[in-house]
Amino acid sequence: MFDGLKDKLSSFREDAAEEVEEKAEEADAETETAADADATATPEAASDADETEASSAPAPDAESATEPDGDEAADDESSGPGRLKRAAAFATGKVVIEEEDLEAPLQDLELALLSSDVEMSVADRILDTVREKMIGETRAQVQTTDQLVTEALHDALLDVISVGQFDFERRIAEADKPVTIVFTGVNGVGKTTSIAKLSEWLDERGYSSVLANGDTYRAGANEQIREHAETLDRKLIAHEQGGDPAAVIYDGVEYAEANDIDVVLGDTAGRLHTSNDLMAQLEKIDRVVDPDMTLFVDEAVAGQDAVKRAQEFDDAAAVDGSVLTKADADSSGGAAISIAYVTGKPILFLGVGQGYDDLRRFDPEELVDELLGER
Ligand code: GDP
């Protein structure tokens, strides 16, 4: 999962760490040279002082004797502050990271993110956070440079990935039953499979569910979801092809109320005559059924397209979160990183395979650790 992106992030870490290390070595070398220079300068200065003291009584040479001293003091001052700063950095084992140190690695990171299908505004945000976390930072010797870079990248990724997260299970637990969840998204991305997977996920946590097929447009949609319902032994509410999707989901809610079912999982069409028709239908379902949650489903492999669609669906029927399928087949990770930040709604689940138990609760920390090779 996300192997391509993992490699690219790892390259950034190495490059950035190398730049900072190089700088640290340069600073150390300079400070050593400065220290050597000081060491040789000090006895001279001392002997100058001795001379001045020794010749303090007789006048003739006194002025000329103090002059060179004065000049030397001025020399020391002009090179002093920089030298002192470096010396201080050397003494404390710290090196201050500047913008120019990170310029090249950050440019590469930006390209890496964009080529991984990370949305532009998300890439910008990540870069800004890395800059903010690293520039002006002191690289202490107690902390390895790699740790410093990794922490900056960790925080930057977490910042965009964790947008809007909430405790899905708790929301289900605390909501009045039945809880109605409507699934939106285009055909073929794994919407129906995700409904079946979520039904199983809920079952494992003690919640019963009924499936309702609001995709009354596509021929074969009823059979497809029925197969899942039969395999999992769940009730399916379905109407004839061409029926009103809002009415099907509404029937699902009535069935759940009458049979003490906890959750209604409503499928919707992934394509109509035009995308305007589709969006109008989703708006109508939203109005009539007033679902507790609307989840947008798309496939991780769709990258930026998935991000664009997430925005469109969110505009039509306010989405509460996303399910990102086929993460197991995605190398780029762009959608996983971008969707939450772009829509302001969290990714709640990852589909990681074709089996019913291949649904993982999306955990931003876990994903970031995985991307940084810490898991
Ligand atoms: P829908 O048209 O959006 O309802 O899509 P389906 O649920 O029919 O899924 C389309 C295909 O994607 C099926 O072959 C699924 O088995 C497959 N699929 C769904 N989710 C995943 C996933 O997380 N990983 C993988 N590898 N395949 C998936």
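The values are calculated or read from the model by the stated rules, or taken from the named source; none is laboratory data. What you see is a predicted model, and the numbers here were worked out from it, not measured in a lab. Here Cβ is always computed from backbone atoms with ideal geometry, including for glycine, and neighbour counts include all displayed protein chains.
Where strands (runs of 3 or more DSSP E) fall wholly inside segment 299-375, the ranges with 3 or more residues that are surrounded by 23 or more Cβ atoms within 10 Å (Cβ to Cβ) are 321-325, 347-351. Out of K345, K284, one residue alone is more than 15 Å from the ligand (Cβ to nearest atom), assigned by TED's automatic domain parsing to the domain that holds A256 and modelled with pLDDT of 95 or more. It is K345. Of a type in the set (G, A, S), within 16 Å of the ligand (Cβ to nearest atom) and either assigned by TED's automatic domain parsing to the domain that holds D267 or at pLDDT below 95 (or both): does that describe S322? So S322 fits the description; yes. Just one of V264, V253 is within 27 Å of E174 (Cβ to Cβ), outside any strand (DSSP E or B) and either assigned by TED's automatic domain parsing to the domain that holds K177 or of a type in the set (K, R) (or both); which is it? One residue alone meets the criteria, V253. Among the residues making up segment 195-228, those that are among the small types (G, A, S), without any contact (Cβ under 8 Å) to a residue 24 or more places away in the chain and within 23 Å of L282 (Cβ to Cβ) are A219, G220. If you go through segment 252-271 and keep only what is surrounded by fewer than 17 Cβ atoms within 10 Å (Cβ to Cβ) and more than 17 Å from H239 (Cα to Cα), you end up with E257, A258, N259, D260, R271. When I261 is tested against (1) within 16 Å of the ligand (Cβ to nearest atom); (2) over 13 Å from A316 (Cβ atoms); (3) not aromatic (F, W, Y), exactly one condition is not met: (1). Does L236 count as in the same structural domain as Q354 (by TED's automatic domain parsing), touching a Leu at 6+ places or on another chain (Cβ under 7 Å) and farther than 15 Å from G355 by Cα? Against the criterion (in the same structural domain as Q354 (by TED's automatic domain parsing), touching a Leu at 6+ places or on another chain (Cβ under 7 Å) and farther than 15 Å from G355 by Cα), L236 qualifies. For the structure I just gave you, tell me whether A173 is within 21 Å of D290 (Cβ to Cβ), surrounded by fewer than 17 Cβ atoms within 10 Å (Cβ to Cβ) and assigned by TED's automatic domain parsing to the domain that holds V288. Taking the combined requirement at face value, the residue satisfies it.
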